[in-house]
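Here's the structure we're looking at; comments come further down.
The values are calculated or read from the model by the stated rules, or taken from the named source; none is laboratory data. Predicted model only: the values in this text are computed from it and were never measured. With ideal geometry, Cβ positions are generated from the backbone for all residues, glycine too; neighbour counts draw on all protein chains shown.
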Amino acid sequence: MPAPFLLAAGVGSALLVVWFARRLNIADREGHPVHLAWHALFSYWPWLLKEIAVSAWQVCRIVLDPKLPVSPTLVRFKPSQITDVGLVTHANSITLTPGTISVEVSRDEFLVHALTREGAAGVRRGGEMDKRVRALESRPELFP
Amino acid sequence: MLLDLFSDLASWACLLAGSFFCIVGGIGLLRMPDFYTRVHAASLTDTLGAGLILLGLLLQAGFTLVGAKLLMIALLIFFASPTASHALTRAALVRGLAPKLAPPLADPLETPPSKP
């Protein structure tokens, strides 16, 4: 069976490529934000999952309500993130949370469509999500 | 034995809850008044719906190759589906599909929709 040799050769060459890429400094931090992953796994992800569950339940109740109490709202605000990874994380989190979608995303302004007025009031500069993503990206090891 | 029973129960609870969210997402897709609000209903299906079903299947699979693959699918959905929703709504707005909006309240947070 040549399997162990093939597997070992595959792992070996993958590690070699990673090592070369790091030495050449082409494993870029924006494309592969691995440095954020471990920290975020225990601080940001649990909070985001809780937010998703809570707002999914609210959207469920709106959908199943016979009166369908929606009040669609567009809201603009300036995000406080500096890095691209931070902005993308913030925009993706807004869209992942049911009831809010980031429609236009730029460094200066987010345009968010919300299913209800209350949902629109939740996303803003200095809001909970804005602050948490800002704290996530402002870890000192991001700016060596 | 007992552990098997518990993981089976948890897995079935996840599968049923996930199916519930998928069905509600479908109902919302039909009931909502315009394109943008329909996307909100659809996001129920691809976050909690798909997430809970994948979690339920993961509990059935355990620490196997199938489990690892399910985990990768979950990650892919979590990163790709908001991007797709964003691209869809942005394309609709750029093409000039005006969203039906609720009458704005006297609130500084509310802003009228801009002409793209």
**Fill in**
Within the stretch B:36-66, the count of residues that are within 14 Å of A:V63 (Cβ to Cβ) and either surrounded by fewer than 21 Cβ atoms within 10 Å (Cβ to Cβ) or more than 7 Å from chain A (Cβ to nearest Cβ) (or both) comes to 4
**Message:** I'd like to check which helices (runs of 4 or more DSSP H) are fully inside the stretch B:1-73 and have at least 2 residues that are among the aromatic types (F, W, Y) and over 11 Å from the mean Cα position of the chain (by Cα).
**Reply:** B:2-31, B:35-44
**Matching residues in the stretch A:23-41 - criterion: being more than 16 Å from A:V85 (Cα to Cα) and at pLDDT below 80** = A:N25, A:I26
**Request:** Would you confirm whether any residue within the stretch B:78-100 is under 21 Å from A:L48 (Cβ atoms), modelled with pLDDT under 90 and either of a type in the set (F, W, Y) or touching a Gly at 6+ places or on another chain (Cβ under 7 Å) (or both)?
**Result:** yes
**Complete:** Inside the stretch A:80-120, the number of residues satisfying the requirement of being among the charged types (D, E, K, R) and within 15 Å of B:T89 (Cβ to Cβ) is 1
**Message:** Can you report the number of residues in the stretch A:74-96 which are of a type in the set (S, T, Y) and over 13 Å from the mean Cα position of the chain (by Cα)?
**Reply:** 1
**Message:** Given the criteria under 23 Å from B:G28 (Cβ atoms) and of a type in the set (V, I, T), does A:I82 qualify?
**Reply:** no
**Message:** Just the residues that are more than 8 Å from chain A (Cβ to nearest Cβ), closer than 29 Å to B:G51 by Cβ and among the β-branched types (V, I, T), please, taken from the stretch B:69-105.
**Reply:** B:I73, B:I77
**Fill in**
Residue pairs within 8 Å by beta carbon, gap of at least six or interchain, first lying in the stretch A:99-119 and in contact (Cβ under 8 Å) with a residue 40 or more places away in the chain and among the hydroxyl-bearing types (S, T, Y), second assigned to a strand (DSSP E or B) and buried (at least 23 other Cβ atoms within 10 Å of the Cβ), listed first then second, are A:T100/A:V112; A:T100/A:H113; A:T100/A:A114; A:T116/A:T73
**Asked** Looking at (1) at the interface with chain B (Cβ under 10 Å from one of its Cβ atoms); (2) in a loop (DSSP other than H, G, I, E, B); (3) over 19 Å from the mean Cα position of the chain (by Cα), which is the only condition A:K67 fails?
**Response** (1)
